[in-house]
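Undergrad: My questions will all concern the structure given below.
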Amino acid sequence: MDSAIGMEPLAGFFSKGLDPLGVLVRRKLLLAATTLAGVVAVLVYATVILTPSYTSTATVLVKPITPDVNPQATDQLIAVDTEQQIATSTAVAELAKSRLKTTETAVDLQSKVTVGVVGSAQLLQIGCTESTKVGAQTCAQAFADAYLQYRTQRAVRSRDARIASANAALAPIDAQIVAATQQLANAPVNSAAAAGAQETLKSLSGEAAPYRQTLGDMARLNVNDPGVVESPAVPPDSPSGFTPEFLGLLGALAGLFLGVLLAFTRDRVDNRLRGRVDPEEYLRAPVLATVPRTRRNGRTAPTLVTMQHPNSPASEAYRALRTRVLVMAERQGLKTIMVASPTGENGKTAIAANLAVSLAQVGKRVVLLSADLRGSKVHQYFGLDNERGLSNVLAGEMPPWEAVQEPAGLERLWVFGSGPVPAQPAELLQSDLMRELLAERRKVADFVIIEAPAALNASDCLALAPLVDGILVVADAKHTDRDEVEQVRIQFEQVGGQVVGAVMSNAPAGR
């Protein structure tokens, strides 16, 4: 089989002869194993290898720094960036580090913290993830407190800076006011000098008013109320992240997906037959019967299940095969049937012998020819000797009536064993004597069943193919390859043989 098949994309699996549902049914144990392995692997990783993490959160109500002097000033007092950015800033992390008294860097602490907005921009939920419950609680609470501390410090620095700026601007104005006041005191009443001094004082007062307003606002500014921790952090009840149930489901899905990939890969690379669909696809003929395997002691002779175990599943399969053969005989004139297989160990001998017996049991006159001259065992199924048989007839050593044998208990069945192994079996099967023998048996029998040699091992089988009405191809359900079945069909077509059906042997019980 071409090694490139294993590298085809998954879409290539759904190609000739592939039944997706059948693949999944055949590989159900593999799917179950990979699914279970996925669940176990994920849970082991989550509980043993992966360190559990815990997340605790604290909810902070953010209050504006009042009073509002003007919109621009208020923005500067409350935040330059968003409150979320402030809460996760390096400055807040440094304050939290001091509260926690930890050796971790501020950057490490920042990586553990998340901040979200709850409801409105004034509610922040600060969360911290640690390896312990207490650690998560302490970290979240430290960041919440540090965030409020930072807002207070920032407001104080902004207030002090504005006070200093206002005082610096007022200092020269106040000096001028003192000088103008002195000038007014020294000037005569109602004089031009007094009027000029009053005008100067009025102008300077107006110029100083904004700065004095700023100082008054800053004095009333409440920098010690930047917000409040509405919901303090508490130790979490369970680890954060996915629940064991979800992880188990995730592992199951991953394992199942892997199992499906493996199932289709194995089914594609495995060249054995996949149920009934493959023989029908590659032979372009129907499967007439599926014969289950029969247990037999290897030290005893082959047995005819149709006679010795008439109620067995195998006997029922042969009766089904007989019924379909009889229908084909009536509709298509099928009379001479060759039973062939790709290789020698596919059960063709048992199929040919039991089919012949099954037909004889319903009153049909049947001739069974063992044309596998290289070593057939047909005679063993009937307890006959193989000292005389078909090879003697084809070699001209004896007439057919001397080579034929009648098994005990079967009045309408005549058996030609293979006989002694000849030197040139292929030439004998292609001889005129073989044609004459088939023509004569066809006249006196209802069916002529021919057990043929293995089709792919020698040319003997191909010599017989054009001499019969139809060919039954026997395929072992466990060991026959799809390539072998297809090659058999191609070879029979090349010599004019007609495959009328297939029989699957050695099938699992119940299939």
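Undergrad: Using only DSSP helix segments of four residues or longer, with each worth -39500 (n - 2.57), what per-residue ellipticity at 222 nm results for the chain after dividing by its residue count and rounding to 500? Mind showing how you got there, number by number?
TA: Details: 20 runs with 258 residues, N = 511.
One gets -16000 deg cm²/dmol as the mean residue ellipticity at 222 nm.
Undergrad: To continue, here is another question. Please pull out the direction-averaged projected area of segment 359-446, using the convex hull of its alpha-carbon atoms, in nm² to one decimal place. Spell out each step's value before the answer.
TA: Details: hull surface 21.4 nm².
In nm², the orientation-averaged hull projection of segment 359-446 is 5.3.
Undergrad: Can you sort E330, E397, E436 by solvent-accessible area, 1.4 Å probe, largest first?
TA: Numbers: E330 160, E397 125, E436 95 Å².
So the residues, ranked largest to smallest area, are E330, E397, E436.
Undergrad: Would you pull out the residues with amide H under 5 Å of S53's amide H, same chain only if 5 or more places away, H placed 1.01 Å from N?
TA: Under 5 Å from the amide H of S53 lie the amide H atoms of S240, each far enough along the sequence or on another chain.
Undergrad: Against the longest alpha carbon principal axis of the chain, how many degrees, from 0 to 90 and to the nearest 10, is the axis of helix 348-361 turned?
TA: That works out to roughly 60 degrees.
Undergrad: Shifting gears a bit: With +1 on each Lys and Arg Cβ and -1 on each Asp and Glu Cβ, how big is the dipole of segment 165-241 about its Cα centre, in debye rounded to the nearest 20?
TA: Working: 3 positive and 7 negative charges, 85 e Å.
Rounded to the nearest 20 debye, it is 400 debye.
Undergrad: Let me ask something else about it. Among (1) 170, 46, 38; (2) 84, 50, 43; (3) 131, 91, 56, only one was calculated for this model; which label is it, if the read-out is Cα extents along the principal axes in Å?
TA: (1)
Undergrad: For R293, what residues show an amide H to amide H distance below 5 Å, using hydrogens built from the backbone and excluding near sequence neighbours?
TA: N506, A507, A509
Undergrad: Still on this structure, I have one more. Can you give the percent of C-alpha pairs in segment 378-511 whose distance is more than 22 Å?
TA: Working: 3958 of 8911 pairs.
Above the 22 Å cut-off, segment 378-511 has 44 percent of its Cα pairs.
Undergrad: State, to one decimal in nm, how far the label point of V117 lies from the label point of S238, with both points 7 Å from Cα in the Cβ direction.
TA: Calculated label separation equals 3.1 nm.
Undergrad: Also: I'd like the distance separating the alpha-carbon centroids of segment 324-351 and segment 167-220, in whole Å.
TA: Here the answer is 127 Å between Cα centres.
Undergrad: Okay, next question. What are the ³J(HN,Hα) values, in whole Hz, obtained from phi via the Karplus relation 6.51 cos²θ - 1.76 cosθ + 1.60 with θ = phi - 60°, for each residue of segment 367-383 in sequence order, with x given for Gly and Pro?
TA: Coupling constants for segment 367-383: 10, 10, 9, 8, 8, 7, 6, 8, x, 6, 10, 4, 4, 5, 5, 10, x Hz.
Undergrad: I've got another one for you. Amide H to amide H under 5 Å from D476: which residues, 5+ apart in sequence or cross-chain, H placed 1.01 Å off N in plane?
TA: Long-range HN contacts for D476: S505.
Undergrad: Here's something else I'd like to know. Between V229 and E493, take the C-beta separation as r, use R0 = 60 Å, and let me know the FRET efficiency to the nearest 0.05.
TA: On the way: r = 88 Å, r/R0 = 1.46.
Between V229 and E493 the formula returns 0.10.
Undergrad: Can you give me the accessible area per residue for segment 288-371, using a 1.4 Å probe, in Å²? Don't jump to the answer; show the numbers that get you there.
TA: Details: 3700 Å² over 84 residues.
Ligands and nucleic acids excluded, the result is 44 Å² per residue.
Undergrad: Another question about this same structure. Using the heavy atoms of the protein chains alone and a 1.4 angstrom probe, what is the accessible area of segment 394-511 per residue in square angstrom? All intermediate terms of the calculation are to be shown ahead of the outcome.
TA: On the way: 5160 Å² over 118 residues.
Counting only protein heavy atoms, the per-residue value for segment 394-511 is 44 Å².
Undergrad: Calculate, for segment 99-220, the solvent-accessible area per residue in square angstrom, rolling a 1.4 angstrom probe over the heavy atoms of the protein chains.
TA: Working: 6690 Å² over 122 residues.
I get 55 Å² per residue for segment 99-220.
Undergrad: Something else: Taking every DSSP beta bridge with both residues inside the chain, roughly what % is antiparallel (nearest 5)? Display every interim value, and only then the final one.
TA: Values: 19 of 46 bridges.
The antiparallel fraction comes to roughly 40 percent.
Undergrad: Run the 1.4 Å probe and let me know the accessible area of D385, rounded to the nearest 10 Å².
TA: Spelled out: D385, probe radius 1.4 Å, area about 70 Å².
Undergrad: In addition: Take the solvent-accessible surface of the protein heavy atoms, probe 1.4 Å, and return the percent of it on the chain that carbon and sulfur atoms account for.
TA: Working: 14140 of 25840 Å².
Carbon and sulfur: 55 percent of the exposed surface of the chain.
Undergrad: Given a 1.4 Å probe and the protein chains all in place, what does the accessible area of D460 round to, in Å² to the nearest 10?
TA: About 0 Å², ignoring ligands and nucleic acids.
Undergrad: For the Cα atoms of the chain, what angle does the longest principal axis make with the long axis of helix 28-44, in degrees from 0 to 90, nearest 10?
TA: The two axes meet at around 20 degrees.
Undergrad: Under a point-charge model restricted to the Cβ atoms of Lys and Arg (+1) and Asp and Glu (-1), what is the dipole moment magnitude of the chain relative to its Cα centre, in debye to the nearest 20? Walk me through the numbers on the way to the answer.
TA: Details: 48 positive and 50 negative charges, 217 e Å.
Taking the Cα centre of the chain as origin, the dipole is about 1040 debye.
Undergrad: Still on this structure, I have one more. So which chymotrypsin sites (Phe, Trp or Tyr not before Pro) in segment 180-251 pass both tests, a DSSP loop state and at most 16 other Cβ atoms within 10 Å of the Cβ? Numbers along the way, then the final one.
TA: On the way: sites: Y211, F242, F246; in loops: F242.
Listed in order of number, the matching sites are F242.
Undergrad: In segment 156-258, with Lys and Arg counted as +1 and Asp and Glu as -1 at Cβ, which of these residues, P172, F257, A187, has the Cα nearest the positive end of the dipole, that is, farthest along it?
TA: Farthest towards the positive pole: A187.
Undergrad: Compute the long axis of helix 133-186 from its Cα atoms, compare it with the longest principal axis of the Cα atoms of the chain, and write down the angle in degrees, 0 to 90, nearest 10.
TA: Value to nearest ten degrees: 30.
Undergrad: For Q183 and T103, compute 0.36 nm times the residue count separating them, minus their Cα-Cα distance, and round to one decimal in nm.
TA: Working: separation 80, 0.36 × 80 = 28.80 nm, distance 6.61 nm.
Between Q183 and T103, full extension yields 22.2 nm more.
Undergrad: What is the calculated FRET efficiency for M398 to D483, with r their C-beta to C-beta distance and R₀ = 51 Å, to the nearest 0.05? Don't jump to the answer; show the numbers that get you there.
TA: Numbers: r = 41 Å, r/R0 = 0.81.
Efficiency, from the Cβ-Cβ distance: 0.80.
Undergrad: Moving on to the next point. How big is the accessible area of W414 in square angstrom, nearest 10, if you roll a 1.4 angstrom probe over the protein chains?
TA: It works out to around 70 Å².
Undergrad: Now for a separate question. Please go through the residue pairs K28/K348; K28/K377; K348/K443 and name each one whose alpha carbons sit more than 27 Å apart in this structure.
TA: Details: K28/K348 31 Å; K28/K377 38 Å; K348/K443 25 Å.
Long pairs (Cα-Cα over 27 Å): K28/K348; K28/K377.
Undergrad: I would also like to ask the following. Lys/Arg Cβ at +1, Asp/Glu Cβ at -1, dipole of the chain taken about the Cα centre: which of A317, F246, P422 is farthest positive-ward?
TA: The residue sitting most towards the positive pole is A317.
The values are calculated or read from the model by the stated rules, or taken from the named source; none is laboratory data. Bear in mind that the values here come from a model prediction, so they are computed numbers and not experimental data. Using ideal geometry, Cβ is built from the backbone for each residue, glycine included, and neighbour counts are taken over all protein chains shown. Just so you know, the surface numbers come from the protein's heavy atoms only, side chains and all, with ligands and any DNA or RNA stripped out. Shrake-Rupley method; radii C 1.70, N 1.55, O 1.52, S 1.80 Å.
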